[in-house]
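The values are calculated or read from the model by the stated rules, or taken from the named source; none is laboratory data. In this text, all values refer to a predicted model and were calculated from it rather than measured experimentally. Positions of Cβ are backbone-derived with ideal geometry, glycine not excepted, and every protein chain shown enters the neighbour counts.
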Amino acid sequence: MPIVFQSLINYFKPTQEKKLKKWITTFTNRKNIATGDINIIFCSDKYLLKMNCEYLKHNSLTDIITFDYSEDYQNIESDIITIYGDLFISIDRVKENATKYNVTFEHELYRVIIHGILHLAGYEDLTKDQELRMRKQELFAIKMFNNLQ
């Protein structure tokens, strides 16, 4: 099943798409999770704010909104969970947060991508403990990306 990158803004296209796809698949496979159709859509703050208001009823900027379709496609006969979903990522937020947290744009972009993948895999970040668990997984995944050939 494909992992597809799309950009709704003409000034951005991710680099290393092949490596990103391999990374996501390798990371999820280590967790005994298969990847189904996953769309990673890059957009602007304005676009994501509109979606945040419309679908989540939050009138605030965010770096990512994850739509999880995994339950709709699960085969109860299979022991392997397959994740499906759409990740909408604001490139404006990623740029600003990279500066704010003193990391490279790529580091922050990869963190946000894997954050969405972790949500599809069932991770939450509503409590401090959940947030800490997710951050550890994000850092682990980024190290994995950096070591991937």
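Screening region 1-109 for helices (runs of 4 or more DSSP H) wholly inside it with 1 or more residues that are at pLDDT 95 or above, of a type outside the set (S, T, N, Q) and surrounded by 17 or more Cβ atoms within 10 Å (Cβ to Cβ) returns the ranges 17-30, 45-51, 91-100.
Name every residue in region 110-132 that is assigned to a helix (DSSP H, G or I) and either closer than 13 Å to ASP63 by Cα or in contact with a helix residue (DSSP H, G or I) (Cβ under 8 Å, 6 or more places away or on another chain) (or both), in order of residue number.
Of the residues in region 110-132, the ones assigned to a helix (DSSP H, G or I) are 110-120, 128-132.
Within region 110-132, TYR110, ARG111, VAL112, ILE113, ILE114, HIS115, GLY116, ILE117, LEU118, LEU120 meet the criteria.
Scanning region 20-55 for residues that are acidic (Asp, Glu) and either more than 16 Å from the chain's Cα centre (by Cα) or over 22 Å from GLU71 (Cα atoms) (or both) yields a count of 2.
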